[in-house]
1. Of everything in the range 557-584 that's in contact with a Ser or Thr (Cβ under 6 Å, 6 or more places away or on another chain) and of a type in the set (S, T, N, Q), which residue is farthest from VAL318 (Cα to Cα)?
2. What are the pairs, 6+ residues apart or on separate chains, where a residue within the range 579-604 that is open to solvent by 70 Å² or more (accessible area, probe 1.4 Å) has its Cβ under 6 Å from a residue that is at pLDDT 80 or above?
3. Could you list, in sequence order, all residues of the range 451-492 that are out of contact with any Ser or Thr (no Cβ under 7 Å at 6 or more places or on another chain) and surrounded by 24 or more Cβ atoms within 10 Å (Cβ to Cβ)?
4. Filter the range 229-245 down to residues that are open to solvent by less than 20 Å² (accessible area, probe 1.4 Å) and under 27 Å from SER353 (Cβ atoms), then give me how many there are.
5. Restricting attention to the range 87-114, report how many residues are in a strand (DSSP E or B), over 34 Å from the mean Cα position of the chain (by Cα) and surrounded by fewer than 23 Cβ atoms within 10 Å (Cβ to Cβ).
6. Any residue in the range 169-180 that is assigned to a loop (DSSP other than H, G, I, E, B), in contact with a strand residue (DSSP E or B) (Cβ under 7 Å, 6 or more places away or on another chain), under 30 Å from GLU444 (Cβ atoms) and open to solvent by 60 Å² or more (accessible area, probe 1.4 Å)?
7. Just the residues that are open to solvent by less than 20 Å² (accessible area, probe 1.4 Å) and hydroxyl-bearing (Ser, Thr, Tyr), please, taken from the range 255-294.
8. For GLY508, work out the one condition from (1) more than 30 Å from ALA293 (Cβ to Cβ); (2) not in a loop (DSSP other than H, G, I, E, B) it doesn't fulfil.
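The values are calculated or read from the model by the stated rules, or taken from the named source; none is laboratory data. Because the structure is a prediction, the values reported are computed rather than measured. So basically every Cβ, Gly included, is an ideal-geometry build from the backbone, and we count neighbours across all protein chains shown. These accessible areas exclude ligands, DNA and RNA; they are computed on the full protein's heavy atoms, side chains included. Shrake-Rupley method; radii C 1.70, N 1.55, O 1.52, S 1.80 Å.
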Amino acid sequence: METTVCRSFTVLVLAAFVFSGELVFTENGFTHHEALDEEGKFQLLWKFDDEKIEFEARVQTTGWVGLGLSPNGGMPGSDIAIGWVKDGTAHLTDRFAEAKAQPPVDESQDWELVSGNENGTHTVLRFSRKLATCDDKDRVINEDTMRVLWAWHDDDPEDESGGSGPAYHGANRGVRSTVLLSNIIAPPNLKETNITTFDILMNNVSVPARDTVYWCRVFQLPELASKHHMIKYEPITTPGNEGVVHHLLIYTCPADQSVTFLPEEHPGHRCRSPNMPRDWWPCYGGSLLAAWAIGSEGIVYPEHVGFPVGGAGDSRYVLVEMHYDNPQLASGIRDSSGLRLTLTPELRDNDLSILEVGMMVTKLHVVPPRAEGFVSAGFCNTNCLNAFLEELGEPIHIIGIELHSHLLGSKMSARVIHNGTETEIARDDNYDFNLQFFRMLKQEVTVYPGDTLITECTYRSTQKDEITYGGLGTTDEMCKTFFLYYPRFNLTFCDSLPNLAGTVRFAGVENFEFTGGQRGDREIVIKAPEPLVNKSFEEVMEAVPWTDEKTRDFSKSLLDGPLPFHTNCRATYQTAVNTAALGTQSVPFPRGKRTAPNDICSGRTPAGQATTRVPAVGTGPGQATTRAPVVGDGSGASRSGLPALTAIVCMAALALITVWKP
């Protein structure tokens, strides 16, 4: 194991930290802005409330413009709006794609045209829609990750459909994952006036020609006269290495222990290799000072929290763990990337930290093949959580979460059980590994003694013929939630694992023994039945005739079976809690009372007319358009709208101004 944190953790906790409000786009009242294509020819602006979302598409074309919401990144099953401006009139059609062909016009016209204009180079269309229309051909717009389709053509159509309808877009099309309902909570400017910046950069590392490399180096922070808060950090990436620098983590080292400090010109060592200084290892027991991953930009914490740095009993040494992702095995790459930290002595009200809850990272976490929706889940043992809350002396408050699984993850949720009631903190039913960030909550969630935190992952493995095991690599799997919370306590990781007996008995094993290693990394020796003796764990699990139905039975046997889950607590070096004793306390998978969600789609009105049209207004993409009356119904639903959205995400500031590169 090259690192205690999987490459996914980094991606998640890192890319997760993208909630800078410094670059919030507010032109004409739009709070979000993203370039959908790499060249920036399709600019999308939007804003939303609890019932409705409004877009403005600014596209470098004088023909038709298309925007769609896809269930999986493909065209079939997508909810699409296509519009254009012709002879001084703006047009918009609501469509539903049934195949990779011109999408037919939807009977229920739920996209409403607000205004449109064009000049010699650009077309600008403003249009809106209810978040939930209750049309089965419209996708609900919620806090899930959305696959946004974009396309354009340089010619206007003659008719709505058919041979004279919108012509084939050719290469002018693409898909981008984004979160439309993202909560921007960070202030546009730092209120602190006394700030210090400090760069933590790798030093001309020769990136090995290997698929995955974790590279470590210890740094010494500047000497601080008093406790400071880190309130911001931002990446500095060596030009040309954007696709290789995958993520990095920064751990604080113990204050009462000497740490080998390398000469400035030394590049560092491969993490956990024999030549890495042994006195660096205890740094993994420190708090996570910062985390960054590919696709994320600068991070600004909310005004009431900051990460504590310096002060009595705090070490000036930090361990940086950089993950280089080099699947092409390229050689000759040199890297000096890292982070720029912003510190201030003007302390905020609360010390911030991160708690990870989920499944232990081990091959004993089994995701079968051929599954449409295999469910795994992990939790934080209440006894473990209680011990650290008692040590802290008060409850903690969750302000954001990062959901993290790997390539097979399709849905994720984080929940809390309080007083027997199980409540969802956040979920994503359209999870995308390539778009990870902290989802900032509209309302903080308080965790009290006696509560339980749960992470649930749903995997789609229909394309797989072999089992996927838990592990650090992207092609392995994980199931984690990283909770951003305050005030800081000494618990850092709180995981669980289904009882191994339940796992192997499903494959027909009757008796087995462990051999060597620690829990989660042990090998097993099969004793019975005779046909399975001397077979490995992987061999017996692969021999199961997996079908979608069998994967559901397997999930149910683990989550609802009588055998208790193994649990594990990992703490910082500052704690007095005996985590070894807590780790021996196996308990059943926790369940609480859950209430069914309200049916928000009871009752609909008939569909509207096919196309909405308004007179074109304005002359170019940089000019604000004025609201014009909409001709025709344009709406296919009539109801009170969604209730207030909770647990919304906060997207990276970079995504608001430039292009995401998932």
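1. Initially, the range 557-584 is screened for residues in contact with a Ser or Thr (Cβ under 6 Å, 6 or more places away or on another chain), giving 564-567, 569-572.
Checking the rest, the ones that are also of a type in the set (S, T, N, Q) come to 567, 572.
On the way: THR567: 29, THR572: 14 Å.
Checking each candidate, the answer is THR567.
2. Once the first residue is open to solvent by 70 Å² or more (accessible area, probe 1.4 Å) and sits in the range 579-604, its partners that are at pLDDT 80 or above give PRO588/PRO564; LYS593/GLY420; LYS593/THR421; ARG594/GLU422; ARG604/CYS134.
3. Result: LEU453, ILE454, PHE482, PHE483, LEU484, PHE489, LEU491.
4. Qualifying residue count, the range 229-245: 5.
5. 2
6. Keep residues of the range 169-180 that are assigned to a loop (DSSP other than H, G, I, E, B), which gives 169-172, 179-180.
Narrowing further to those that are in contact with a strand residue (DSSP E or B) (Cβ under 7 Å, 6 or more places away or on another chain): 169, 172, 179-180.
Of the ones still in play, those that are also under 30 Å from GLU444 (Cβ atoms) are 179-180.
Of the ones still in play, those that are also open to solvent by 60 Å² or more (accessible area, probe 1.4 Å) are none.
There is no residue in the range 169-180 that is assigned to a loop (DSSP other than H, G, I, E, B), in contact with a strand residue (DSSP E or B) (Cβ under 7 Å, 6 or more places away or on another chain), under 30 Å from GLU444 (Cβ atoms) and open to solvent by 60 Å² or more (accessible area, probe 1.4 Å).
7. SER273, TYR284, SER287
8. Failed condition: (2).
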